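The structure appears right after this line, and notes come after that.
The values are calculated or read from the model by the stated rules, or taken from the named source; none is laboratory data. This one's a predicted model, so the numbers in the text were calculated from it and none came from an experiment. All Cβ positions, even for glycine, are placed from backbone atoms using ideal geometry, and neighbour counts span all protein chains on display.
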Amino acid sequence: MGSADGVQLVSLIAMAGWLVLVLFAYRSYRVDTGKTIRMALTWAAIFAGVAIFFSLVT
């Protein structure tokens, strides 16, 4: 394993740790699953709409 592989592994582990931390913080607000899914789909639609808009403009 080269040094670049080690750096990537540490970065991956750190990102997974941050993701777990964010998920636990979000769950501490006790938002129900239905609302979470609606918010996720809304944000996905916003990002997709912006991406489509910019791909048509450029």
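What are the pairs, 6+ residues apart or on separate chains, where a residue within segment 1-18 that is exposed (fewer than 10 other Cβ atoms within 10 Å of the Cβ) has its Cβ under 9 Å from a residue that is assigned to a helix (DSSP H, G or I) and modelled with pLDDT under 95?
Pairs that qualify, where the first residue is exposed (fewer than 10 other Cβ atoms within 10 Å of the Cβ) and the partner is assigned to a helix (DSSP H, G or I) and modelled with pLDDT under 95, are Met1/Leu9.
From the list Val7, Val20, exactly one residue is at pLDDT below 95 and assigned to a helix (DSSP H, G or I). Which is it?
Val7
I'm checking my understanding of the structure. Among residues of segment 26-58 that are of a type in the set (D, E, K, R) and either at pLDDT below 95 or not in a helix (DSSP H, G or I) (or both), which one is surrounded by the fewest Cβ atoms within 10 Å (Cβ to Cβ)?
Per the criteria, the residue is Arg30.
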